[in-house]
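The values are calculated or read from the model by the stated rules, or taken from the named source; none is laboratory data. Quick caveat: nothing in here was measured; it's all calculated off a predicted structure. Neighbour counts run over all protein chains shown; Cβ positions are idealised from the backbone, glycine included. Side chains included, ligands, DNA and RNA excluded: accessible areas come from the protein's heavy atoms. Shrake-Rupley method; radii C 1.70, N 1.55, O 1.52, S 1.80 Å.
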Amino acid sequence: MLLLFLLFEGLCCPGENTAAPQALQSYHPAAEESLSFRMLQTSSFANHSWAHSEGSGWLGDLQTHGWDTVMGTIRFLKPWSHGNFSKQELKNLQSLFQLYFHGFIWIVQASAGQFQLELKPEAWLSRGPSPGPGRLQLVCHVSGFYPKPVWVMWMRGEQEQRGTQRGDVLPNADETWYLRATLDVAAGEAAGLSCRVKHSSIEGHDLIIHWGGYSIFLILICLTVIVNLVILIVVDLRLKKQSPVFSMGANTQDTNNSRHHFCLVQVSWIKNRFLKWKTRLNQLS
């Protein structure tokens with residue numbers, strides 16, 4: 001605030017008045033017009049690493065100053081915009097503004113997570129109505145992104161599929177945006193396709209979802225279950241073979257109880273594994 005008052009004083013008093021005393025006597029206070037000096041700042045944050053700030057100074061309705069974002073210097077738009085400041089004073093003032101703009105941007109970017117300013121899009125795939133016998137309609141849904149411009153394309157490797165059809169960009173209830181992109185293909189050609197999303201909020205980190213990835217995940221789960229079951233069976237057989245040695249001097253009831261307890265542990269372990277996989281599948285779907 002002190003800087004604003006100093007700048008205002010310098011602007012309103014650009015130099016000594018050399019007018020004649022008669023001219024001063026003919027000036028009527030009733031004609032005096034109240035002027036205010038305002039400084040405006042506009043900062044844009046496209047993502048977590050890019051920001052742009054603009055600044056301007058206004059004396060009433062007249063813009064007198066600007067801010068060069070490239071050079072980090074004050075732009076004086078009128079010959080008298082320097083006011084009564086010396087070159088050193090203007091240099092110091094300019095350094096303070098440089099420090100302020102850098103500090104402001106850093107603080108906002110560091111606190112973006114708390115402000116919930118990062119709207120990175122989410123995407124998922126589904127199958128639409130069949131376009132004909134032996135053909136599939138693949139649908140890529142993209143939602144929760146802001147600002148509105150977004151790039152969505154079905155891909156095969158690095159090759160864009162020109163048959164991609166984009167729908168209208170529609171608003172969500174939370175004022176973010178939603179878009180779907182479809183692709184009609186033969187049923188045997190769907191493998192290897194993926195949906196790629198580019199947006200300013202994830203600049204440099206494209207969002208890629210592969211068609212059929214869900215099925216592959218299920219196959220991996222089934223293989224994992226089979227391997228674990230085989231391991232449990234082998235361990236159980238070894239314990240059964242070793243039980244006469246470790247149960248010498250113990251009655252048959254104790255041996256049966258031990259085996260029963262081991263089986264319960266196995267069932268509990270398998271049940272917990274299936275619950276974890278089920279939770280994971282629900283999250284993916």
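Data table
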{"read-out": "Sole exception among (1) among the aliphatic types (A, V, I, L, M); (2) modelled with pLDDT of 90 or more; (3) part of a loop (DSSP other than H, G, I, E, B) for LEU40, by number", "value": "(3)"}
{"read-out": "Count of residues meeting criterion [small (Gly, Ala, Ser), outside any strand (DSSP E or B) and surrounded by fewer than 15 Cβ atoms within 10 Å (Cβ to Cβ)] in the range 141-195", "value": "8"}
{"read-out": "Test: VAL152 is of a type in the set (Val, Ile, Thr), more than 29 Å from SER53 (Cβ to Cβ) and in contact (Cβ under 8 Å) with a residue 24 or more places away in the chain", "value": "yes"}
{"read-out": "Residue among GLY163, GLY144, GLY134, GLY128 that is touching a Ser or Thr at 6+ places or on another chain (Cβ under 8 Å) and farther than 29 Å from SER49 by Cα", "value": "GLY128"}
{"read-out": "Restricting the range 50-66 to residues that are open to solvent by 20 Å² or more (accessible area, probe 1.4 Å) and not in a strand (DSSP E or B), the residue that is nearest to LYS78 (Cα to Cα)", "value": "ASP61"}
